[in-house]
Amino acid sequence: MGIKKGIELARKHNRVDRNNRERHFAGMTHAEIRSILKANGLNPHMEIWFDSTEVAIITPEGILLQMRPADNGKLGLWGGILKNNKEGAGYGAIRKVYEETGLILTISDLTPDEFHSHSHRYANGDKAFFYTNRFIVRMDSVPAIIFDEADTTAVVLINADNIDDYEIIDDQLPFIRRLLNID
């Protein structure tokens, strides 16, 4: 049944929803799922649903944001897609922050803040729907960030004085403004 049933459901609903992904495409990356869709005559850019995390790293000077090539030149929070349906949101947040910054966090460093869901369309046409757990990490000073320039092209400290100077991912902007006590 497995993948064949997943393909059948994707064809019927024109998407790979959370249940379909977890039951029939378990453990596969979005690239692997898109490859299977294409190989079976389906639109490889159809919407795939993912569980994800976003982390606001807050210092006394502001919030650290990153710019990734996939985000079309806009700044955004740290985080990303959970590895699988067994990785909890907190542990996924810790893993993603480490991968993207080199910072070592523990569960006690994370403050859960809100749950957010949104659709996203990437520059290459891929569509995704994210179920996102948002966390806050408070630091006493601006940490040294170690990042891979292939994945992160810039790191910027945003605060109430400079936020309007930058483009920020649309669905993250209200959250960031709230954290900075703007509006």
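Collect the residues in the stretch 51-87 that are farther than 21 Å from residue 150 by Cβ, of a type in the set (A, V, I, L, M) and part of a strand (DSSP E or B), keeping them in residue-number order.
56, 58, 63
Specify the residue that is surrounded by the fewest Cβ atoms within 10 Å (Cβ to Cβ); the eligible residues are those in the stretch 80-98 that are β-branched (Val, Ile, Thr) and closer than 18 Å to residue 143 by Cα.
Residue satisfying both the conditions and the ranking: 94.
List the pairs whose first member sits in the stretch 152-167 and is in the same structural domain as residue 70 (by TED's automatic domain parsing), whose second member is surrounded by 11 or more Cβ atoms within 10 Å (Cβ to Cβ) and in a helix (DSSP H, G or I), and whose Cβ atoms are under 8 Å apart, counting only residues at least 6 apart or on separate chains?
From residues that are in the same structural domain as residue 70 (by TED's automatic domain parsing), the pairs are 152/100; 153/69; 158/176; 163/176; 163/177.
Which one of the conditions (1) touching a residue at least 12 places away in the same chain (Cβ under 8 Å); (2) loosely packed, with under 12 Cβ neighbours inside 10 Å; (3) farther than 26 Å from residue 21 by Cα does residue 145 fail to meet, given that it meets all the rest?
(2)
What about residue 13, is it more than 30 Å from residue 141 (Cβ to Cβ), at pLDDT 95 or above, out of contact with any Lys or Arg (no Cβ under 8 Å at 6 or more places or on another chain) and not hydrophobic (A, V, I, L, M, F, W, C)?
Taking the combined requirement at face value, the residue satisfies it.
Hey, any hits in the stretch 55-70 for a residue that's free of Cβ contacts under 8 Å to residues at least 24 places away in the same chain and among the hydrophobic types (A, V, I, L, M, F, W, C)?
The answer is no; no qualifying residue exists.
Only one of 111, 29, 59 is over 18 Å from the mean Cα position of the chain (by Cα), surrounded by fewer than 20 Cβ atoms within 10 Å (Cβ to Cβ) and within 28 Å of residue 153 (Cα to Cα); which?
Unique residue meeting the criteria: 59.
Here are 133, 72, 124: which of them is within 18 Å of residue 29 (Cβ to Cβ) and assigned by TED's automatic domain parsing to the domain that holds residue 168?
Going through 133, 72, 124 in turn, just one is within 18 Å of residue 29 (Cβ to Cβ) and assigned by TED's automatic domain parsing to the domain that holds residue 168: 124.
Residue under question is residue 73, and the condition is that it be on the phi > 0 side of the Ramachandran plot, within 16 Å of the chain's Cα centre (by Cα) and in contact (Cβ under 8 Å) with a residue 60 or more places away in the chain; does it hold?
yes
Yes or no: residue 101 surrounded by fewer than 16 Cβ atoms within 10 Å (Cβ to Cβ), hydroxyl-bearing (Ser, Thr, Tyr) and over 16 Å from residue 169 (Cβ atoms)?
Judged against the criteria, residue 101 is not a match.
Please work out which residue is nearest to residue 129 (Cα to Cα), limiting yourself to the stretch 1-26 and to residues that are buried (at least 16 other Cβ atoms within 10 Å of the Cβ) and of a type in the set (Val, Ile, Thr).
Among them, the one singled out is 16.
Scan the stretch 98-117 and give yes if some residue there is among the hydroxyl-bearing types (Ser, Thr, Tyr) and either touching a residue at least 60 places away in the same chain (Cβ under 8 Å) or assigned by TED's automatic domain parsing to the domain that holds residue 21 (or both), otherwise no.
Taking every residue of the stretch 98-117 in turn, none turns out to be among the hydroxyl-bearing types (Ser, Thr, Tyr) and either touching a residue at least 60 places away in the same chain (Cβ under 8 Å) or assigned by TED's automatic domain parsing to the domain that holds residue 21 (or both).
Residues checked against (1) in a loop (DSSP other than H, G, I, E, B); (2) over 17 Å from the mean Cα position of the chain (by Cα); (3) over 18 Å from residue 79 (Cβ atoms); (4) charged (D, E, K, R):
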{"residue": "142", "(1), (2), (3), (4)": "yes, yes, yes, no"}
{"residue": "145", "(1), (2), (3), (4)": "yes, yes, no, no"}
{"residue": "161", "(1), (2), (3), (4)": "yes, yes, yes, yes"}
{"residue": "170", "(1), (2), (3), (4)": "yes, no, no, yes"}
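Condition first: among the charged types (D, E, K, R) and in a helix (DSSP H, G or I). Now tell me which residues in the stretch 88-119 satisfy that.
95, 96, 99, 100, 109, listed by residue number.
The values are calculated or read from the model by the stated rules, or taken from the named source; none is laboratory data. It should be emphasised that the depicted structure is a prediction, and the values quoted were computed from it without experimental measurement. Here Cβ is always computed from backbone atoms with ideal geometry, including for glycine, and neighbour counts include all displayed protein chains.
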